[in-house]
Amino acid sequence: MPASELKLPSLTGLRFFAALAVVLYHLRIYFSPIGDGLAVFGYGFTAVSFFFVLSGFVLTWSQKGDVKASRFYLHRFARIWPLHLLTMLLAIWAPALPTSSGASVLSALPVATLTQAWIPASPSLNAFNGVSWSLSCEAFFYLLFPLLFKNLRRSSPKFLVLFIVPISGVVLFGVLASITSVPAADYLLVPMPLFRLGEFVLGVCLARLMQAGWRPRLSLLTALALQVVLTAGLFAASFVLNANAGPIPATLANLIMVPGFLSVIAACAKQDIEGRTGIIGSPALTRLGQWSFALYLIHEVVLRVIRPWTESASVLEVSGLAASVIVISVAAAGVLHEFVERPLERNIRSWPARLGSFNKYSTHGSR
């Protein structure tokens, strides 16, 4: 069976845990009375790097042949834009967060077109539904993917490994800029799509290596242990830096976690390929993973609606409100996925076929 036809349910299950990490990270920030209790999720923002790597892997793995750009772009548009637009509109009526610039007419165009991450120091970056900045990066990855895939599809494993070298150079730049506090580093190395492209390309290269027959020697348990060690290393580094220069830079945290993300993705894919799908690829977690995109986009809206109630609440009450954010967000994600995301995606993907049928009918009727 061709690699592109092998299903990898464990990777879908992983998406739910990554989305949940982002939810818990935001709860730690904005539900301050229980922030210390959620300290373990202080680096939950690195899950965005995981999504970028996973996106490159899954898109590459699922391609059955040469990418037809027009069809690919339509499918990607159908996948992300309708739900993005809906949550953007919902965010207009949600109370603003302290770090959000809120909704404005000037921000509407870049946010709606997913170009907000290209504008340096722009209030549009976190306008409306703040998490959508990452979709601006994804849209750029999608734009380049047909060209990337065409050039990497026929490449040998040795070339793919060499291809990672320039990415490593960019990573080194990121590390140095983070440590030395280069001006504009926060923009260039966090939301900037051109820099984040490296994470996506790493996912593409990993998928091509595994399609060529390479398999990681480490087990899923070992890969997860590596992830725990890297996370613990971040907290240890934070402890040192907090006593001297403040928290560890977000860019450096992302870069430290990427090897763990690559290891977990490779180990899960290996398990699925060998027919040993475990609990992460179970039907229940796979379904939750399918809801993960909706969960990622809707949770901030839910959080913003509930957050004002925490201002005069006790720690116990805030804990209950935090739990309600998770429950409501997951439930809302399920509804959005099943009744909005999937139907609209199918509908938009069918446009070429319906347009072809219409043209055929019109031509026949004009004879």
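Do the conditions hold for PRO110, that is, is it touching a Cys at 6+ places or on another chain (Cβ under 8 Å) and either modelled with pLDDT of 90 or more or closer than 28 Å to ASP66 by Cα (or both)? Judged against the criteria, PRO110 is not a match. Scan the range 113-126 and give yes if some residue there is under 24 Å from ARG342 (Cβ atoms) and not hydroxyl-bearing (Ser, Thr, Tyr), otherwise no. Within the range 113-126, one or more residues are under 24 Å from ARG342 (Cβ atoms) and not hydroxyl-bearing (Ser, Thr, Tyr).
Please determine whether any residue of the range 228-235 is surrounded by 21 or more Cβ atoms within 10 Å (Cβ to Cβ), modelled with pLDDT under 90 and not aromatic (Phe, Trp, Tyr). No, the range 228-235 contains no residue that is surrounded by 21 or more Cβ atoms within 10 Å (Cβ to Cβ), modelled with pLDDT under 90 and not aromatic (Phe, Trp, Tyr).
Residue count for the range 46-84 satisfying the condition of being within 10 Å of the chain's Cα centre (by Cα) and not β-branched (Val, Ile, Thr): 7.
Per-residue answers, yes or no, for (1) crowded, with 18+ Cβ neighbours inside 10 Å; (2) hydrophobic (A, V, I, L, M, F, W, C); (3) closer than 14 Å to TYR30 by Cα; (4) in contact with an Asp or Glu (Cβ under 9 Å, 6 or more places away or on another chain):
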residue: PRO259; (1), (2), (3), (4): no, no, no, no
residue: LEU262; (1), (2), (3), (4): yes, yes, no, no
residue: ALA284; (1), (2), (3), (4): no, yes, no, no
residue: GLY289; (1), (2), (3), (4): yes, no, no, no
residue: HIS299; (1), (2), (3), (4): yes, no, yes, no
residue: VAL302; (1), (2), (3), (4): yes, yes, yes, no
residue: TRP309; (1), (2), (3), (4): no, yes, yes, yes
residue: GLU317; (1), (2), (3), (4): no, no, no, no
residue: VAL325; (1), (2), (3), (4): yes, yes, yes, no
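If you check VAL67, VAL105 for being more than 30 Å from VAL264 (Cα to Cα), out of contact with any Ser or Thr (no Cβ under 9 Å at 6 or more places or on another chain) and at pLDDT below 95, only one passes: VAL105.
Given the residues PRO98, PRO123, which is the only one that is touching a helix residue (DSSP H, G or I) at 6+ places or on another chain (Cβ under 9 Å), farther than 14 Å from PRO191 by Cβ and either of a type outside the set (Lys, Arg) or buried (at least 22 other Cβ atoms within 10 Å of the Cβ) (or both)? Exactly one of PRO98, PRO123 is touching a helix residue (DSSP H, G or I) at 6+ places or on another chain (Cβ under 9 Å), farther than 14 Å from PRO191 by Cβ and either of a type outside the set (Lys, Arg) or buried (at least 22 other Cβ atoms within 10 Å of the Cβ) (or both), namely PRO98.
Considering the range 266-301 alone, what residues qualify as being small (Gly, Ala, Ser) and in contact with a Phe, Trp or Tyr (Cβ under 9 Å, 6 or more places away or on another chain)? Of everything in the range 266-301, those that are small (Gly, Ala, Ser) and in contact with a Phe, Trp or Tyr (Cβ under 9 Å, 6 or more places away or on another chain) turn out to be ALA266, ALA269, GLY289, SER292. You will find that of LEU97, LEU38, LEU54, LEU86, the residue that is part of a loop (DSSP other than H, G, I, E, B) and in contact with a Leu (Cβ under 9 Å, 6 or more places away or on another chain) is LEU97 and no other.
The values are calculated or read from the model by the stated rules, or taken from the named source; none is laboratory data. All of these numbers come straight from a predicted model, not from anything done at the bench. So basically every Cβ, Gly included, is an ideal-geometry build from the backbone, and we count neighbours across all protein chains shown.
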